[in-house]
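Below is one structure, written out as structure tokens; comments come after it.
Read-outs: derived from the displayed coordinates by stated rules, not from any lab. A quick note: this is a predicted structure, and the numbers were derived from the prediction, not measured. In this analysis, Cβ positions are derived from the backbone assuming ideal geometry, glycine residues included, and neighbour counts consider all displayed protein chains.
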Amino acid sequence: MKYKNKNSKIKNFPRFKNFPSLKDLESLVAIILFAGLTSCSGGKTTENETESEHHHSEEIELTVKQMETVGIELGRVEMKNLNSVLRANGELVLAPQNKADVNSLVPGIIRQINVLEGVSVRRGQVLATLENLEIVKMQENYLSAYQDFMLSKSEYERQKGLSENNAGAGKNLEQASAKYQADRARFLSVEKQLEQLNINTENLKNGKIVTQIPVIAPISGVVGEIRIKTGSYVDMQTVLMDITDNSQLHCDLHIFEKDLSKVAAGQKVEIALTNQNGKTATGVVYSVNKSFEPNSSSVIVHVKIDKTADLIPGMYVTALINLGNQTVEAVPESAVANAEGKKFIFVVADEKEDEVHFSKTEVITGAAELGFVEIKPMETLPQNAKIITKGAFYVMSMIGDEAGHEH
């Protein structure tokens with residue numbers, strides 16, 4: 001192997017924990033043989049080469065004998081049908097219909113609070129009671145309207161019967177009908193107001209007038225902050241407390257424009273909670289927004305979560321969207337070498353009778369399946385380029401040894 005500096009010594013052998021396995025020993029022996037061949041190979045540094053060129057050159061030269069010794073094989077980047085995933089970040093959110101502020105439709109004094117923060121409540125449950133003497137007047141109006149309605153209804157039915165028997169004047173029927181319709185409308189209007197205040201009108205007809213009204217939970221969920229206390233005066237703008245239904249929690253993921261075409265409803269998603277020590281959840285994509293987020297090149301993708309127990313709105317997540325099988329550029333896993341947190345492949349730059357020149361190319365890896373891994377080269381590869389498909393680990397090890405020894 002020629003990597004500009006021919007006088008360097010091997011410094012960085014693989015570090016094995018405990019006693020090395022047979023496979024580890026074989027790898028170590030291969031590297032030692034590879035290094036020996038490299039140190040004995042020809043080629044000298046010219047006087048015009050600077051120390052900077054020695055250290056930064058990306059060209060690697062291997063003889064055919066060296067490649068045969070450690071089992072380096074050549075091949076090409078292939079198109080493989082792999083099960084691909086897309087990584088995205090986001091957060092847990094609630095839809096507007098799954099969170100509610102609790103208000104009163106009339107002003108009054110809070111006489112009783114029946115719940116605590118953090119407890120679960122069901123829709124229609126009494127959360128508190130409020131006292132307002134004005135509701136007594138509303139109930140009196142209701143009883144009066146009810147009496148007027150019943151009297152006008154009776155008169156209308158009487159005039160209608162006379163008219164059918166040709167015993168009454170048509171004008172009397174018209175007047176009775178008009179009064180009946182007016183009294184009925186007034187009665188139904190007052191009745192609807194009392195129903196909105198959760199006052200039982202059937203009890204009221206039996207003479208049971210109340211001075212306190214219940215404050216009812218508008219949705220089922222968990223009580224959040226309670227902003228009142230017994231004796232507080234509230235009006236219609238006062239938020240008494242809030243309720244959230246976390247069973248309907250979903251995940252909003254930010255997908256950038258270049259990946260938007262890959263995402264569709266129905267795709268399965270694996271979700272990891274960023275700050276929850278590896279806690280995970282699963283879900284499925286159910287909709288994709290049709291507009292970009294303000295001041296961003298991302299689009300929101302909504303994911304329905306299978307189980308939302310112990311999850312809270314606002315938690316940050318990292319998600320993997322299963323894109324299904326896709327045809328992508330792929331290489332054998334043994335073609336990819338790691339160094340300093342990055343991943344590389346070795347591309348044939350020049351091939352001679354007894355030696356091969358390689359260039360190191362950084363790649364981003366994706367889906368891995370059946371011994372192959374998806375790659376996205378950081379620079380355009382030559383058409384039908386040959387690469388090292390087996391033994392990239394050895395070559396990267398030798399590069400590290402050469403680069404680590406300076407003269």
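With R₀ fixed at 25 Å, the C-beta to C-beta distance from LEU105 to GLN147 puts the FRET efficiency at about 0.50.
Expressed in nm to one decimal, what extension gain is obtained for the pair LEU320 and VAL126 from 0.36 nm per residue of sequence separation less their Cα-Cα distance? All intermediate terms of the calculation are to be shown ahead of the outcome.
Details: separation 194, 0.36 × 194 = 69.84 nm, distance 4.25 nm.
Once the chain is fully extended between LEU320 and VAL126, it gains 65.6 nm.
Taking 30 Å as R0, compute the FRET efficiency from the Cβ-Cβ separation of GLN175 and ASN206 and round it to 0.05.
On the way: r = 32 Å, r/R0 = 1.06.
Here the calculated transfer efficiency is 0.40.
How long is the gain from MET378 to GLU91 if the chain were fully straight, where each residue apart is worth 0.36 nm and the alpha carbon distance is subtracted? Mind showing how you got there, number by number?
Values: separation 287, 0.36 × 287 = 103.32 nm, distance 2.98 nm.
Stretched fully, the MET378-GLU91 segment lengthens by 100.3 nm.
Distance between the modelled labels on GLU134 and GLU369, one decimal in nanometres: 6.6 nm (7 Å Cα→Cβ projection).
Determine the alpha carbon to alpha carbon distance for each of LYS171/LYS192; LYS208/LYS229; LYS290/LYS343; LYS137/LYS208; LYS65/LYS390 and list only those over 25 Å. Checking Cα-Cα distances, LYS171/LYS192; LYS208/LYS229; LYS290/LYS343 exceed 25 Å.
Counting beta carbons within 10 Å around each of SER359, SER287, SER261 and listing the fewest first gives the order SER261, SER287, SER359.
For the stretch 72-172, applying the loop criterion from DSSP together with a ceiling of 11 other beta carbons within 10 Å to the GluC sites (Glu not before Pro) yields GLU117.
Taking +1 at the Cβ of each Lys and Arg and -1 at the Cβ of each Asp and Glu, which of PRO218, GLN181, LEU127 sits farthest along the dipole of the stretch 104-242 towards its positive end, judged by Cα position relative to the Cα centre? So the residue furthest toward the plus end is GLN181.
For the stretch 131-232, trypsin sites (Lys or Arg not before Pro) are listed when DSSP marks them as loop and at most 14 other Cβ atoms sit within 10 Å of their Cβ; the list is LYS208, ARG227, LYS229.
What shape does the stretch 302-407 have by the C-alpha gyration tensor, where a ≥ b ≥ c are the square roots of the eigenvalues, rounded means a/c under 1.5, and otherwise prolate means a/b greater than b/c and oblate the rest? Don't jump to the answer; show the numbers that get you there.
Details: a/c = 3.38, a/b = 2.04, b/c = 1.66.
In terms of gyration-tensor shape, prolate.
If the chain between SER297 and THR280 were fully stretched, how many nm would it gain, using 0.36 nm times the residue separation less the Cα-Cα distance? Walk me through the numbers before you get to the answer.
Working: separation 17, 0.36 × 17 = 6.12 nm, distance 2.72 nm.
Length difference between fully extended and current span is 3.4 nm.
With θ taken as phi - 60° and the Karplus curve 6.51 cos²θ - 1.76 cosθ + 1.60 applied, the whole-hertz 3J(HN,Hα) list for the stretch 369-382 is 7, 6, x, 10, 9, 5, 10, 10, x, 6, 9, 5, 7, x Hz, x standing for glycine and proline.
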